[in-house]
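Working notes, beginning with the structure itself.
Where a number appears in this text, it was derived from the coordinates with a stated rule and is not lab data. If you're wondering where the values come from, they're calculated on a predicted model, not measured in any experiment. Don't worry about glycine lacking a Cβ; one is built from the backbone with ideal geometry, like all the others, and counts go over all protein chains shown.
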Amino acid sequence: MSLEFRALVFSVRGLTGLLCRVDDRALAKIPLEGPMILVCNHINSLEVPLVFSRLTPRQVTGFAKSETWDNPLLGKMFDMWGAIPLKRDYPDIVALRSGLKALEQGKIVAISPEGTRSWDGRLQQGHPGIVTLALRANAPILPLAYYGGEKFSENLRRLRRTDFWIEVGQPFYLTTRGERVNGEIRRKITDEIMFQLAMLLPPKYRGMYADFTAASKKFLRFV
């Protein structure tokens, strides 16, 4: 790691630790080696630098909307983290190939299937792009959920620290069970992945995936 990268990690970890009370003990469950797809929820702009800085020295990259690079400061930071620009208006083959290459190199690739920030912390419907990536890479998926960060802006205005919790689930692979992966199957697999995220969250944050009676694990193979 370069001195500039070390300085970035130290600064981000220190600043977020000053502004938040972070419970990151669950991060110890993440393996130190090997490729992995980290599937996360997406609340606001806080969780990416907070979690990424605490995963170091693991090599971590992830998908970020291409508009992020319109901000020079954020673009510089995301370049240092090796983030992958993602065009959200259509299937981005270039981004998919970059994600596959990162997994081949043994990196963690983070993805938020919701595709956009929820702001209130409640899970939105997941998009199926993660299914294509995981099936092509045959890499394990690890659900990682956080909550509390939705209160960050309000707490900052009141000069209060924000309680930020991180939970990590069990790793699993996707299996098609011999079925042809069409749009319907892709939707079912995506929802199964999202329910694994929901199970890590307190009830009020589960959003569209609050009804566990609708959850299934048909296309998930747990390690």
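ASP92 fails exactly one of the following numbered conditions: (1) surrounded by 15 or more Cβ atoms within 10 Å (Cβ to Cβ); (2) in contact (Cβ under 8 Å) with a residue 12 or more places away in the chain. What is the number of that condition?
Among (1) surrounded by 15 or more Cβ atoms within 10 Å (Cβ to Cβ); (2) in contact (Cβ under 8 Å) with a residue 12 or more places away in the chain, the lone unmet condition for ASP92 is (2).
Please verify whether segment 182-193 includes one or more residues that are touching a Leu at 6+ places or on another chain (Cβ under 7 Å) and surrounded by fewer than 16 Cβ atoms within 10 Å (Cβ to Cβ).
No, every residue in segment 182-193 fails to be touching a Leu at 6+ places or on another chain (Cβ under 7 Å) and surrounded by fewer than 16 Cβ atoms within 10 Å (Cβ to Cβ).
Contact list please: Cβ distance under 7 Å, first residue in segment 167-184 and without any contact (Cβ under 8 Å) to a residue 24 or more places away in the chain and under 27 Å from GLY121 (Cα atoms), second residue part of a loop (DSSP other than H, G, I, E, B) and of a type outside the set (Asp, Glu), pairs at least six apart or on different chains.
none
Yes or no: segment 64-76 includes at least one residue that is crowded, with 20+ Cβ neighbours inside 10 Å and either among the hydrophobic types (A, V, I, L, M, F, W, C) or under 22 Å from GLU150 (Cα atoms) (or both).
Within segment 64-76, one or more residues are crowded, with 20+ Cβ neighbours inside 10 Å and either among the hydrophobic types (A, V, I, L, M, F, W, C) or under 22 Å from GLU150 (Cα atoms) (or both).
When the residues of segment 194-223 are narrowed to those that are surrounded by fewer than 11 Cβ atoms within 10 Å (Cβ to Cβ) and either under 20 Å from ALA110 (Cα atoms) or of a type in the set (A, V, I, L, M) (or both), which ends up nearest to the chain's Cα centre (by Cα)?
The qualifying residue nearest to the chain's Cα centre (by Cα) is VAL223.
Among the residues of segment 98-113, which ones are within 21 Å of GLN170 (Cβ to Cβ) and in a loop (DSSP other than H, G, I, E, B)?
Listed by number, the residues that qualify are GLY106, LYS107, SER112, PRO113.
Which condition breaks for PRO171 when tested against (1) touching a helix residue (DSSP H, G or I) at 6+ places or on another chain (Cβ under 8 Å); (2) under 19 Å from VAL223 (Cβ atoms)?
(1)
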